[in-house]
Amino acid sequence: MPPRPLPIAFTGSHGAYSEQAARLWFREPTTLTCASPVEAVRAVAEGRASHGVLAVENSITGPFDGVAD
């Protein structure tokens, strides 16, 4: 059996727009929920996820601090 691919890290809970974006961009991904953008980046850096999907802006609250830095 081939090894299972690493999940895609995203911020928020299951069903968040970031997860929806990951499902549109990557083919049938498994996903890893993260509480913050820093946690998602750390998951990729530590090899717990292959990629991360981070929102840079919200239509209600505007830009997220630190994501685009």
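The values are calculated or read from the model by the stated rules, or taken from the named source; none is laboratory data. Since the model is a prediction, treat every value here as computed from it, not as a measurement. A quick note on method: Cβ atoms are made from the backbone with ideal geometry, for glycine too, and the neighbour counts reach across all protein chains shown. Please note that ligands, DNA and RNA were not included when accessible areas were found on the heavy atoms of the full protein model with its side chains. Shrake-Rupley method; radii C 1.70, N 1.55, O 1.52, S 1.80 Å.
Quick one: order 39, 19 from most to least accessible surface, probe 1.4 Å.
Details: 39 70, 19 10 Å².
Most to least solvent-accessible, the answer reads 39, 19.
What percent antiparallel are the DSSP beta bridges of the chain, to the nearest 5? Write down the numbers at each step before the final one.
Working: 2 of 9 bridges.
The answer is about 20 percent antiparallel.
What percent does the relative contact order of the chain come to when contacts are Cα pairs within less than 8 Å and at least six residues apart? Don't jump to the answer; show the numbers that get you there.
Numbers: 100 pairs, mean separation 24.6, N = 69.
Normalised by residue count, the contact order of the chain is 36 percent.
Calculated from DSSP H runs of 4 or more alone, at -39500 (n - 2.57) each and per residue, what is the 222 nm mean residue ellipticity of the chain, nearest 500? Walk me through the numbers before you get to the answer.
On the way: 2 runs with 18 residues, N = 69.
Dividing the helical sum by the residues of the chain leaves -7500 deg cm²/dmol.
Please compute the modelled spin-label separation between residue 21 and residue 61, points set 7 Å along Cα→Cβ, answer in nm with one decimal.
1.5
Run the Debye formula on the Cα coordinates of region 9-68, all scatterers equal and no solvent, and tell me log10 I(q)/I(0) at q = 0.15, 0.18, 0.30 1/Å.
-0.40, -0.57, -1.34
Tell me, in nm to one decimal, what length is gained between residue 39 and residue 13 on full extension, where the rule is 0.36 nm per residue of separation less the Cα-Cα distance?
Values: separation 26, 0.36 × 26 = 9.36 nm, distance 1.32 nm.
That pair, residue 39 and residue 13, stretches by 8.0 nm at full extension.
Any idea of the accessible area per residue across the chain, 1.4 Å probe, to the nearest Å²?
Numbers: 5200 Å² over 69 residues.
For the chain, the per-residue accessible area is 75 Å².
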